[in-house]
2 protein chains.
Amino acid sequence: MTSDTTSQSNDPASGIRDGEVAVALPDHFDAQLYFIGRIRTPWKTRSECPKNARQARESGTVCTIEVDPRWQQALPGVETCSHLIVLYWMDRARRDLVVQVPAQYGSGKPTFSLRSPVRPNPIALSVVELRKVEGSTLHVVGLDCLDGTPLVDIKPYFSSTDSIADARVGWHADRR
Amino acid sequence: MTSDTTSQSNDPASGIRDGEVAVALPDHFDAQLYFIGRIRTPWKTRSECPKNARQARESGTVCTIEVDPRWQQALPGVETCSHLIVLYWMDRARRDLVVQVPAQYGSGKPTFSLRSPVRPNPIALSVVELRKVEGSTLHVVGLDCLDGTPLVDIKPYFSSTDSIADARVGWHADRR
């Protein structure tokens, strides 16, 4: 990493927090996405959103995923799933921070060690419980995003390969 | 779904299998991705790849994820994770099939009920076991993709929210 690609937070104009590190973004994009629907939640501002997926799930709040009618024929069979993986686009997140200071930790954390929406490709992932499918609308529990968030993908959750009960995030488990 | 947006497989020029259904793609993209690295695997052709994530994991084959040096400062802390979620781009997959006929099932399956790379946004997701980090290279077990596949994201796997041991994909469990 050469210094000319790195912007430290001592530049107040950059709008980043003390301890955060931004890099120059690549000069071109490599692939493109379609938004395939919208997520509807009760939360209109970031401060209203659950702090994380655990809080979202424990709250039991039912959110809806509205899939664009174009893709409706891709949905049958989804209703037989107890859980889904939902990918969505955090369109308000900046993409150039390699170290960030999440409010709940208060110190610099490298981006790929976090689930924060701030990352080079701001694709968020939630494992949700499917409650009901009505036409092209899914009712789910476990989302923590803003109302109107763009939908990128829906995948069946297979416990055989997606469930790792004893997985460990060391820095997080040891943080106190 | 109006008929003018649907192409059935009785058009041999479309290159889709009997039973597959394609829709007209949207006339614009909505968001853009950076490729942030490459995945290195022993598999140079599709026929060499493991058939699915389970087979990949059980084979124990160690693959490597080469993160672009631009993002290296985003990696510390990742080495404390036992497992990661890896997102990657299946750049050879078509995006317009809402019903597809995977070789292993032999009949039409709606796209969002599958983990197939063929989907509107061909982002694949694997939960991998992290064996070692060397600089900006991660050694992992659990990938089943072609050598050279573009990397989109790396996330820590949190068992508290990502592990659902009793999740069920009904159509898959009941298929025999």
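Amide H to amide H under 5 Å from A:Glu20: which residues, 5+ apart in sequence or cross-chain, H placed 1.01 Å off N in plane?
The list, which skips near neighbours in sequence, is A:Ser9.
In whole Å, what is the distance between the alpha-carbon centres of the stretch A:14-72 and the stretch A:142-174?
Measuring centre to centre over Cα atoms gives 13 Å.
Based on alpha-carbon positions alone, could you give the equivalent ellipsoid semi-axes of chain B from the gyration tensor, as √(5λ), descending, whole Å?
Values: eigenvalues 198, 76, 49 Å².
Values for chain B, descending: 31, 19, 16 Å.
Using Cα springs under 10 Å in a Gaussian network model of chain A, which residue among A:Pro150, A:Pro110, A:Pro26 shows the largest mean-square fluctuation?
A:Pro26
Find the relative contact order for chain B and round it to a whole percent, using C-alpha pairs within less than 8 Å whose residues are 6+ positions apart.
Values: 311 pairs, mean separation 53.9, N = 176.
Result for chain B is 31 percent.
Could you tell me what percent of the accessible area of the protein assembly as shown is made up of carbon and sulfur, with a 1.4 Å probe and every protein chain present? Write down the numbers at each step before the final one.
Working: 7280 of 15660 Å².
Carbon plus sulfur share of accessible area: 46 percent.
In Å and whole numbers, how far do the C-alpha atoms of the protein assembly as shown stretch along each principal axis, longest first?
So the three principal-axis extents are 62, 46, 40 Å.
Taking only protein heavy atoms into account and a 1.4 Å probe, give the accessible area per residue of the protein assembly as shown in Å². Write down the numbers at each step before the final one.
Working: 15660 Å² over 352 residues.
It amounts to 44 Å² per residue over the protein assembly as shown.
With springs only between Cα atoms under 10 Å, which of A:Ala31, A:Ala165, A:Ala103 fluctuates most in a Gaussian network model of chain A?
A:Ala31
For the pairing of chain B with chain A, what total accessible surface becomes buried, with a 1.4 angstrom probe, in square angstrom to the nearest 100? Walk me through the intermediate numbers first.
Values: alone 11540 and 11540 Å², together 15660 Å².
Interface between B and A: roughly 7400 Å².
Would you please give the residues with an amide H less than 5 Å from that of B:Thr149, counting only those at least 5 places away or on a separate chain, with H modeled from the backbone geometry?
B:Ile39
Taking N as the number of residues in the stretch B:89-176, what is its Cα Rg relative to 2.2 N^0.38 Å?
Compared with the compact-globule rule of thumb, the stretch B:89-176 sits at 1.29.
For chain B, give the magnitude of the charge dipole about the Cα centre (Cβ charges: +1 Lys/Arg, -1 Asp/Glu; no others), in debye to the nearest 20. Don't jump to the answer; show the numbers that get you there.
On the way: 21 positive and 21 negative charges, 95 e Å.
In debye, rounded to 20, chain B gives about 460.
Under 5 Å between amide hydrogens, which residues at least 5 positions from A:Arg131 or on another chain qualify, with H placed 1.01 Å from N in the peptide plane?
Excluding prolines and chain starts, which carry no amide H, the hits are A:His139, A:Val140, A:Val141.
Taking 30 Å² as the minimum loss, tell me which residues in the stretch B:120-137 lose that much accessible area going from the chain by itself to the full protein complex (1.4 Å probe).
B:Pro120, B:Asn121, B:Ile123, B:Leu125, B:Val127
Add -39500 (n - 2.57) for each DSSP H run of 4 or more in chain B, then divide by its residues: what number comes out at 222 nm, to the nearest 500 deg cm²/dmol? Before the final figure, lay out each step's value.
Working: 3 runs with 15 residues, N = 176.
Calculated at 222 nm, the ellipticity per residue is -1500 deg cm²/dmol.
The values are calculated or read from the model by the stated rules, or taken from the named source; none is laboratory data. Note that the coordinates shown come from a computational prediction; the quantities given were computed from them, not determined experimentally. Because the Cβ atoms are built from the backbone with ideal geometry, glycine has one as well, and the counts that use them run over all protein chains shown. Side chains are part of the model used for accessible areas, which takes the heavy atoms of the whole protein and leaves out ligands, DNA and RNA. Shrake-Rupley method; radii C 1.70, N 1.55, O 1.52, S 1.80 Å.
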